[in-house]
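Values quoted throughout were computed directly from the atomic coordinates according to the rules given, and no laboratory measurement underlies them. These figures come from a predicted structure and were not determined experimentally. All Cβ positions, even for glycine, are placed from backbone atoms using ideal geometry, and neighbour counts span all protein chains on display.
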Amino acid sequence: MLNDICADVGKAVRPFVIKELKKTGVKIEVQTKVEEISAQGVKATNNGKPVTYAADSVVIAVGMKGQSPLAKQLEGKAPVVVAVGDGVEMKKIVGAVADGAKAGRDI
Ligand SMILES: Cc1cc2nc3c(=O)[nH]c(=O)nc-3n(C[C@H](O)[C@H](O)[C@H](O)COP(=O)(O)OP(=O)(O)OC[C@H]3O[C@@H](n4cnc5c(N)ncnc54)[C@H](O)[C@@H]3O)c2cc1C
């Protein structure tokens with residue numbers, strides 16, 4: 001559960017994203033953990049207190065974790081195996097491209 005939204009959005013863009021969300025009537029709840037999604041809506045705890053949000057549709061956008069089982073499986077099967085980008089940890093395109101460029105230079 002996060003304390004704020006859009007924490008990883010660039011500083012120049014973040015205020016505009018939040019302004020647009022508020023302008024369109026999006027209610028922002030932080031420190032909220034979803035416990036159950038049912039036909040009635042979403043049951044959650046907000047700062048430890050139980051709450052229910054009525055909903056017709058629920059969009060789940062909870063982020064991702066990087067994983068690299070493929071890199072481990074390939075170890076020893078090629079002269080050099082280098083895991084890059086999201087295969088190491090979730091990041092942005094710039095980070096993945098930088099990883100790939102470094103791997104290319106190092107080989
Ligand atoms: C919804 C979404 C929105 C995003 N928005 C942004 C954004 O606005 N700005 C930004 O900078 N970043 C954004 N990202 C993150 C960015 O897309 C990733 O950080 C970046 O694409 C990572 O590059 P990558 O090469 O490591 O992995 P990927 O781009 O995922 O490439 C991995 C490739 O490997 C292939 N593959 C997987 N397993 C195998 C296998 N066994 N054999 C062969 N091929 C395989 C996949 O099909 C894929 O084509 C976003 C990510 C998502 C999911």
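Please state the Cα pair-distance histogram of the chain with 5 angstrom bins from zero: what percent is in each bin?
Each 5 Å bin holds this share of Cα pairs: 2, 9, 13, 15, 14, 12, 11, 9, 8, 5, 3, 0.
Once amide H atoms are built 1.01 Å from N in the peptide plane, which residues 5 or more positions from Val51, or in another chain, come under 5 Å H to H?
Ala44, Thr45, Asn46
Go ahead and estimate [θ] at 222 nm for the chain from helices alone: -39,500 (n - 2.57) per DSSP H run with n ≥ 4, summed, over the residue count, rounded to 500.
Calculated from helices alone, the mean residue ellipticity at 222 nm is -8000 deg cm²/dmol.
Taking neighbour Cβ counts within 10 Å as the exposure measure, how do Leu70, Leu21 sort from fewest upward?
With the fewest neighbours first, Leu70, Leu21 line up as Leu70, Leu21.
Given points 7 Å out from each Cα along the Cα-Cβ axis, report the Ile107 to Lys11 separation in nanometres with one decimal.
3.7
Please give the length that would be gained between Glu36 and Gln73 if that part of the chain were fully extended, namely 0.36 nm times their separation in residues minus their C-alpha to C-alpha distance (nm, one decimal).
9.7 nm
Taking θ = phi - 60°, what integer Hz values does the Karplus form 6.51 cos²θ - 1.76 cosθ + 1.60 yield along the range 99-107, in sequence order, with x for Gly and Pro?
Using θ = phi - 60°, the values come out as 4, x, 5, 5, 4, x, 5, 6, 6 Hz.
Where does helix 14-23 land angle-wise versus the long Cα axis of the chain, in degrees 0 to 90, nearest 10?
It works out to around 30 degrees.
Shape call for the range 1-63 from the C-alpha gyration tensor, a ≥ b ≥ c root eigenvalues: rounded (a/c under 1.5), prolate (a/b greater than b/c) or oblate?
prolate
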